[in-house]
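The values are calculated or read from the model by the stated rules, or taken from the named source; none is laboratory data. Here the structure is a predicted model, which is why all the values come from computation and not from measurement. When we count neighbours, we look across all protein chains shown, and the Cβ atoms used for this are built from the backbone with ideal geometry, even at glycine.
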């Protein structure tokens, strides 16, 4: 067990080191370039012709540990989807950093599975499952961030309505919401406010919000504001009515969640019961369960059972999901 423990510690350290480098290395390199530039300016050694190229307000995309991979993936659908996922999750990482994390997790899990099981099929399966963990983590973080945004969004609408009723312009009200609201509502309004403040048309700045926050309430908000700017009307009243609609949707959604609790609990039980029963029987009577894991027919039965259990779980989730 000592060699296995040493390999585990080394691989775990490698994964943590790769992740830390992927997260902190871009910031460290950017800080080093900034310090070098400040030193050149202070010493007067900077090239006069190169100065206009550095002094620019053009928005630049952050590059990860593999800039070439970032540029290559930006041209593909998978790269664009991964970029949107990181943006919606509120993460500062890049697609190349995610790929490095996936490779690191996959290699570590494959090595550990091969060391502890000694089976040829266990290593690729463990590597494939572990390689999906960074993407699954980003998806979970995006889901949590979207739910938090939905909860805070009615308060932001009320703040905008009160500011407009007090005599402020809509752009000023957006700046107030960016300063007063917590994450993630405040930063999203801050991005839109900065974009229009630096010259981007307000229509384009608002249309970019649903791309960062793909929520129905945000699309309602953008559509209502743009229509009001074209046709006129009482914007504060429109925003107050929209906030009331959003709160009513939350109330209905919570009622639906209560009524579908039995179905969700049934899905969890049906998914966990066979695995728990298999573990219990393996501990009570290993000889009885051994053919199921070591025989070819038993392994095929296990694979078929896992596939059918997974299909049944997602089928139950599809049945109890009600869009509001």
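Taken over the range 306-324, residues that are at pLDDT 80 or above and more than 14 Å from residue 261 (Cβ to Cβ) amount to 11.
Residue check: residue 6 meets all listed conditions (1) surrounded by fewer than 15 Cβ atoms within 10 Å (Cβ to Cβ); (2) more than 25 Å from residue 190 (Cβ to Cβ); (3) at pLDDT 70 or above but one, namely (3). Counting only residues that are within 27 Å of the chain's Cα centre (by Cα) and over 24 Å from residue 122 (Cβ atoms), the range 276-312 holds 1 of them.
Residues that are assigned to a loop (DSSP other than H, G, I, E, B) and either in contact (Cβ under 8 Å) with a residue 12 or more places away in the chain or not assigned by TED's automatic domain parsing to the domain that holds residue 213 (or both) were ranked within the range 151-185; the one that is nearest to residue 206 (Cα to Cα) is 184. Considering only the range 141-163, I want to know if a residue exists there that is modelled with pLDDT under 90 and over 23 Å from residue 84 (Cβ atoms). So far as the range 141-163 goes, no, none of its residues is modelled with pLDDT under 90 and over 23 Å from residue 84 (Cβ atoms).
Just so you know, in the range 218-242 the residues that are assigned to a helix (DSSP H, G or I) and at pLDDT below 90 include one that is nearest to residue 89 (Cα to Cα), and it is 229.
Every residue, every condition in (1) at pLDDT 70 or above; (2) within 22 Å of residue 97 (Cα to Cα); (3) in the same structural domain as residue 116 (by TED's automatic domain parsing); (4) assigned to a helix (DSSP H, G or I), yes or no:
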residue	(1), (2), (3), (4)
17	yes, yes, yes, yes
21	no, yes, yes, yes
26	yes, yes, yes, yes
32	yes, yes, yes, yes
41	no, no, yes, yes
48	no, no, yes, no
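Restrict the check to the range 243-250 and report whether at least one residue is surrounded by 14 or more Cβ atoms within 10 Å (Cβ to Cβ) and not in a helix (DSSP H, G or I). For the range 243-250, residues surrounded by 14 or more Cβ atoms within 10 Å (Cβ to Cβ) and not in a helix (DSSP H, G or I): absent.
Of the residues making up the range 136-149, just one is crowded, with 20+ Cβ neighbours inside 10 Å and under 24 Å from residue 236 (Cα atoms), namely 149.
Of all the residues in the range 186-202, those that are without any contact (Cβ under 8 Å) to a residue 24 or more places away in the chain and either farther than 19 Å from residue 148 by Cα or in contact with a strand residue (DSSP E or B) (Cβ under 6 Å, 6 or more places away or on another chain) (or both) number 6. Of the listed requirements (1) closer than 17 Å to residue 171 by Cα; (2) out of contact with any helix residue (DSSP H, G or I) (no Cβ under 6 Å at 6 or more places or on another chain); (3) surrounded by 14 or more Cβ atoms within 10 Å (Cβ to Cβ), residue 278 misses just one: (1). Every condition in (1) under 23 Å from residue 83 (Cα atoms); (2) modelled with pLDDT of 90 or more holds for residue 200 except the one numbered (2).
Number of residues in the range 194-217 that are surrounded by 14 or more Cβ atoms within 10 Å (Cβ to Cβ) and not in a helix (DSSP H, G or I): the value is 4.
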